[in-house]
Structures are given as structure tokens and as C-alpha cells.
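Written below as C-alpha cells is the structure these notes are about.
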Amino acid sequence: MSQIDMPLFPLPQQKQIWAVGGCKGGTGKTIVTVSLGILLSRLGHRVVLIDTDLGGANLHTCAGIRYPAKTISDFLLKKTNSLEDLLTETSIENLKIISGANDSLTIANLPHVQKLKLIHHIRRLPADYIILDLGAGTSFNVLDIFLMADSGIVVITPEPTSVENVYRFIKSAILRKISNYLSDLKYNDILKEAVASKENGPLKSIRDLVEKINRIDSSISASLEEKISSFYPKVIINQVRANDNMMLGMSIKDIANKYLGVNLDYVGYIPYDETVHESVKKFKPLIIEYPNCSVSLCMSLTLKKLLNGKEPLRGIDAGQII
Ligand SMILES: Nc1ncnc2c1ncn2[C@@H]1O[C@H](COP(=O)(O)OP(=O)(O)OP(=O)(O)O)[C@@H](O)[C@H]1O
Ligand SMILES: [Mg+2]
């Protein structure tokens, strides 16, 4: 287990941390985070949403809070030692948020130790589900927070560039996972050596990389394989406008498997609907303002898939929203 995703103390059995990310801006990561959070809170779970978009915090707006009094920067800039102090109540029962930073310049690139401290405190929050809303892109901040979660969810939109975008995100994440793992084992040089190796031609896939690492030192091969196979990101396609858009998830799954050796779980699609824009304009969470719109319905179905059928969602099987 790497340092990044290692629980630092015994955790309550139920606690789950999800991270919502993706390569591109504006795909719907924040809308998805808030919607899943509200739906989970309605199932009776204690939910905390955390805005970790250190450059463009806006989760509070989508959760219906205009001016958050406390933000995560109070913790990152050491104004408080407790992340719990920053929990802000929402109008929704069981749902709290920690708002994003408003001084991104100081904290856009968190030092490794500070990231570990943040992750440690996130795991200690009193909640059943903690959902982390990530900024766009593949910075180390984004990747490390994505990798520390129990479930990583990638939100994409159906555009010609989206396969490339999701591929880049997943590839960066798996490489970061491998690199963190090797560095925890003090094997930093082996990755550089494998990447530089000309033996058996250039690297074409993650599988090639693992094989090269194995040839240099086979003692870690089993644990490295396990690391890779435990990486199982979920994909949501948002802003779907045509039937064939939904199939994109299957193509992405095939490509990730073939070239990266990564299994993706395509958990659902969300249609494009003007109600999303309307709810943002009104500062009201979509699920609350338009509970019966197609987006709310598909969010519920997606949550059902994410929960893996473990929890009945009231009303879903009867074809209506919660
Ligand atoms: N399903 C949808 N239908 C219509 N519009 C949508 C949908 N999802 C998102 N949008 C629009 O996209 C905008 C951006 O959504 P959101 O803020 O969730 O994206 P994001 O991925 O979090 O962006 P960023 O990368 O900047 O954090 C919303 O304000 C809304 O107008
Ligand atoms: Mg966002």
C-alpha cells in the first residue's frame, strides 16, 4: 500500500471516500458531486462534500451557499488545525460541505507533507460518505487526491476530444500511482531506468512498463500487479445530447483496457438539460429544485450503480425519482 492511500488509523467500516475528477474543465464534476451528495444524504447517510478545486472553488454555490464563512484555505494556511471546524451546514439534512480555497496562488501546489496531512484529516471527518470535488487537469495535487479516494469517478462530456482527455487522465493517474508506490518502497530509480530502457523497443503501454520493471527487479512484480489491478476508476458521461453518446463509455472502457491495462467501470450517463443551468442561476441545488428532471433521474440511476445495488433507492425501481 502506498503512503498516499494508506489509512493512517482504523476507520469506521462504513466510511467511503469518493473523488470526482476529469481532465477537462466544465464537464460537470461539481454538479455530479453535489447531486450524488444530496441523494446519499437522503438515504440517511451523513455526507460531507469537500471542494478541493484549489484554483476555482464553486461547490458552495451549487450546494446553495452564497458566501461561505470558512474555507479549506483556513486549514491549508494553518489558521485552524481542525478540518472539522470548517464543516458548514447546508439546508439539506445530513449534508455538510467544506468550501474551497479562495487564495489559490498560495496553495495551488501543495507540498507532499501538507497533502498527506490533508488526506489524514479528511479520513477523520465524522461522515459515512465524503465526496471530493476536484479541479480539472492532471496536476499532482489532483492526481494524489483522486488516488487516495476509495472510489475515483471521472466525469467526461461526449466530444471528439473526450476519449483523448479521459485516456490522458487515467494514464497520468496510473503512472502517478506506480510512481508513488515505487517511491514509498525507495525504488525511485527503477521507474526512470524502465522508462529509459531501450530493451524490447519503446514503451507502448503500461503493461510494457511493468514488464520492464519486472526485468530490472522481479521481487516487486506481484505487488505492482496488485496495485494496478486495484485501480478501478468509474466513468460518468455528462451532457449527453444523442443516443450514440452513451456508447462512448464502452469505447473508453475498451481503450483503457487495451492500452493501459486498466479496468474502467462505466457507471452511467447524464443527459444535457437546461434545468442544470437554471438551478445554478437560482443558487439552488438541482436535485432540490428540479427533482423530477431527466438529469436528477439519471443521477439517481448512476448512484445506484455506484452503490453496486447495495442500497435500495426509494422509487427508482418504480420508475420515479426519490
Ligand atoms: N447535464 C448538464 N446539462 C446541461 N448543462 C450542464 C450539465 N452539466 C453541467 N452543465 C453546465 O456546465 C456548467 C459547469 O458544470 P460544473 O461546474 O459542474 O463543471 P466542472 O467540471 O465542475 O467545472 P470546473 O472544471 O470548472 O470545476 C454548469 O454550470 C452547467 O451550466
Ligand atoms: Mg467544478
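The values are calculated or read from the model by the stated rules, or taken from the named source; none is laboratory data. Since the model is a prediction, treat every value here as computed from it, not as a measurement. Ideal geometry is used to build each Cβ from the backbone, glycine not excepted, and the neighbour counts take in all protein chains shown.
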Seminar exercise, completed: Among (1) among the hydrophobic types (A, V, I, L, M, F, W, C); (2) surrounded by fewer than 17 Cβ atoms within 10 Å (Cβ to Cβ); (3) within 20 Å of VAL276 (Cβ to Cβ), ALA69 falls short only on (3)
Exercise. So which of ASP103, ASP53 is modelled with pLDDT under 90, more than 16 Å from ligand 2 (Cβ to nearest atom) and in contact with a strand residue (DSSP E or B) (Cβ under 9 Å, 6 or more places away or on another chain)?
Worked result: ASP103
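Across the stretch 127-153, what is the number of residues that are within 14 Å of ligand 1 (Cβ to nearest atom), of a type outside the set (Phe, Trp, Tyr) and in contact (Cβ under 8 Å) with a residue 60 or more places away in the chain?
Total satisfying the criteria: 12.
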Problem set entry | Residues located in the stretch 154-197, provided they are among the basic types (Lys, Arg), surrounded by fewer than 17 Cβ atoms within 10 Å (Cβ to Cβ) and at pLDDT 85 or above | ARG168
Exercise. Do we find that GLY137 is crowded, with 16+ Cβ neighbours inside 10 Å, more than 15 Å from ligand 2 (Cβ to nearest atom) and farther than 18 Å from TRP18 by Cβ in this structure?
Worked result: no
For this session: Evaluate the following for VAL276: is it at pLDDT 90 or above and not small (Gly, Ala, Ser)?
Result: yes
Exercise. Which number in (1) of a type in the set (A, V, I, L, M); (2) within 16 Å of ligand 1 (Cβ to nearest atom); (3) not in a helix (DSSP H, G or I) marks the one condition that MET246 misses?
Worked result: (3)
For this session: Report yes if ILE65 is over 24 Å from LEU307 (Cα atoms), aliphatic (A, V, I, L, M) and not in a helix (DSSP H, G or I), otherwise no.
Result: yes
Exercise. In this structure, is VAL142 part of a strand (DSSP E or B), within 30 Å of LEU54 (Cα to Cα) and of a type in the set (A, V, I, L, M, F, W, C)?
Worked result: no
Exercise. Out of the residues in the stretch 279-291 that are assigned to a helix (DSSP H, G or I) and within 23 Å of LYS96 (Cβ to Cβ), which is nearest to ligand 1 (Cβ to nearest atom)?
Worked result: VAL280
Problem set entry | Residue satisfying condition, being within 20 Å of THR27 (Cα to Cα), in contact (Cβ under 8 Å) with a residue 40 or more places away in the chain, more than 12 Å from ligand 1 (Cβ to nearest atom) and buried (at least 17 other Cβ atoms within 10 Å of the Cβ), within set VAL295, VAL276, VAL235, VAL262 | VAL235
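Just checking, which of ASN165, ASN238 is over 21 Å from LYS258 (Cα atoms) and of a type outside the set (Gly, Ala, Ser)?
None of the others qualify; the one that does is ASN238.
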